[in-house]
């Protein structure tokens, strides 16, 4: 990792992307999840989605979650996903100053996920910006950026062009998402050749490739990653979507590579164990299951 | 992957390392497994272990497996693991011309796995060589080459020195094994700096790192990899040992990287599904579960 960044920035999406497909858990537990993640050293947390509770029951009560959070201490940022102008208004009313908005690189996925064409979805970026004003940070997440199960591969130049249009529409930052786990290090390199490395990566582990893709991206110089504690997650709208890259799996790797994350792995593993109880099932993270590489046999 | 090898050699260890911790399956099924793997394009298969059936019941009947195999067609090699001189004699009697023998880099693991010290185990390399003569290929697998759950990290220079002693004792080739899944790309690089890249890698996926380690090794120029169909495996003698790197997960990655393996992924996935039935449980491979990245949504 001689050429890698000395520090990466993790945006923890467990309370949003992670809990989204789960049976809804109480607001108080979602708040406790966010605060425990921050206590473990996570600086940026996607805390909620201001979406229709009918469409995504697990995200109901977004404003209640935000209202119950302790004030973010310096260096900590709470983020919310908003699907449209109305969601942005609600997030702003709730007091948030950082938003994510998703535009899909896949026409079919866009129609199924948000009922809009890609162009219609892109137009919402400007609409959201006009509502929130210049002071709110707006990160546009390009979903299916490495292909989709509908169209197959999507040309990296087209994906990068979509990103540029999102910036033209008012995005401050771009995150490229491997929504259904079709990326490989080759696809990572191909996309970065078009976008440059000042982008975030949001990787799903559908095919066990999230970590190798993150590694390849770090090697190339990418420093922003979305991860979810426990490796929870997966879109309810995309067949075959697996969980997110597990926060503990990335931190575990980075710790041994000498790439600082600011996250305390032991504390994070404690949160992960608690989350497994919260959602009522084993979480996908392999490090959560086996413990860190430094774990010794008791005998 | 511009600097990577254009071709890697997979040694399929599913019939040996993969089945070893499972409830024993009939000899005929083990034979069918080997032949179906070869039909999928695998060139080298570890077909059996000439070990005590009391110690490893799933490996009983090694000679029967070998006797029932079709003659290896040109380019195909059957290999067996032998634990000592007596095992080597049996494997030779069975008609095999390629053997693996394990020496551990961990003193405690060596004692627990084979009841010998590392030095005693190394001495067996020469004993095996003296039994089999110069014509038999002998690959010494250095287990716990990236550390062990007993001693923790083991200095790469010490591991490489152990490898050199194995070659002095008669090994034709060396394979370094991450027996308990503690390797990371950093540890891969550190070991390769001492050993050079003319080595095999045998990676376990205890912490979800097998694929990223294989990728890092390929990037560095390693071309020989042990894998097990389905990601089966794990030592019955090492706490926390997870399954092997899944053959289909490596082939799936290589296919998209343009690194040829000679293995037909679709046929291999068929074998993997059959193996899951054979062992009676879901296999760890993520590609087996989700299908290849090219899989389209039916809708």
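The residue that is surrounded by the fewest Cβ atoms within 10 Å (Cβ to Cβ), among those in segment B:279-297 that are facing chain A (nearest Cβ under 7 Å) and in a helix (DSSP H, G or I), is B:290.
In segment A:225-239, which residues are at negative phi and modelled with pLDDT under 95?
Of everything in segment A:225-239, those that are at negative phi and modelled with pLDDT under 95 turn out to be A:235, A:236, A:237, A:238, A:239.
Scanning segment A:244-299 for residues being over 15 Å from residue A:227 (Cβ atoms) and free of Cβ contacts under 8 Å to residues at least 40 places away in the same chain gives a total of 15. All told, residue B:270 meets the bar of being surrounded by fewer than 20 Cβ atoms within 10 Å (Cβ to Cβ) and assigned to a helix (DSSP H, G or I). What about residue A:242, is it within 24 Å of residue A:34 (Cβ to Cβ) and at pLDDT below 95? Yes; evaluated as a whole, the condition is true for this residue.
Of all the criteria given as (1) part of a helix (DSSP H, G or I); (2) surrounded by 21 or more Cβ atoms within 10 Å (Cβ to Cβ); (3) modelled with pLDDT of 95 or more, the one not satisfied by residue B:109 is (3). Residues that are over 27 Å from residue A:161 (Cβ atoms) and either part of a loop (DSSP other than H, G, I, E, B) or within 14 Å of chain B (Cβ to nearest Cβ) (or both): does segment A:237-244 have at least one? Looking for residues that are over 27 Å from residue A:161 (Cβ atoms) and either part of a loop (DSSP other than H, G, I, E, B) or within 14 Å of chain B (Cβ to nearest Cβ) (or both), one finds at least one in segment A:237-244, hence yes. Within segment B:155-187, being touching a strand residue (DSSP E or B) at 6+ places or on another chain (Cβ under 8 Å), at negative phi and not in a helix (DSSP H, G or I) holds for B:171, B:172, B:173, B:174, B:175, B:176, B:177, B:178, B:179, B:180, B:182, B:183.
Residues in segment A:198-208 that are within 15 Å of residue A:143 (Cα to Cα), within 14 Å of chain B (Cβ to nearest Cβ) and in a loop (DSSP other than H, G, I, E, B): how many?
Of the residues in segment A:198-208, 2 are within 15 Å of residue A:143 (Cα to Cα), within 14 Å of chain B (Cβ to nearest Cβ) and in a loop (DSSP other than H, G, I, E, B).
Would you call residue A:222 buried (at least 21 other Cβ atoms within 10 Å of the Cβ), over 28 Å from residue A:58 (Cα atoms) and modelled with pLDDT of 95 or more?
yes
Scanning segment B:138-155 for residues that are crowded, with 16+ Cβ neighbours inside 10 Å and more than 14 Å from chain A (Cβ to nearest Cβ) yields B:138, B:139, B:140, B:141, B:142, B:143.
The number of residues in segment A:180-197 being more than 9 Å from every other protein chain (Cβ to nearest Cβ) and in contact (Cβ under 8 Å) with a residue 12 or more places away in the chain comes to 8.
Please determine whether any residue of segment A:63-77 is farther than 30 Å from residue A:262 by Cα and either assigned to a strand (DSSP E or B) or in contact with a helix residue (DSSP H, G or I) (Cβ under 9 Å, 6 or more places away or on another chain) (or both). Checked segment A:63-77: no residue is farther than 30 Å from residue A:262 by Cα and either assigned to a strand (DSSP E or B) or in contact with a helix residue (DSSP H, G or I) (Cβ under 9 Å, 6 or more places away or on another chain) (or both).
The values are calculated or read from the model by the stated rules, or taken from the named source; none is laboratory data. Everything numeric in this text was worked out from a predicted model, so none of it was measured. Cβ coordinates were reconstructed from backbone atoms using ideal geometry, including for glycine residues, and neighbour counts include every protein chain displayed.
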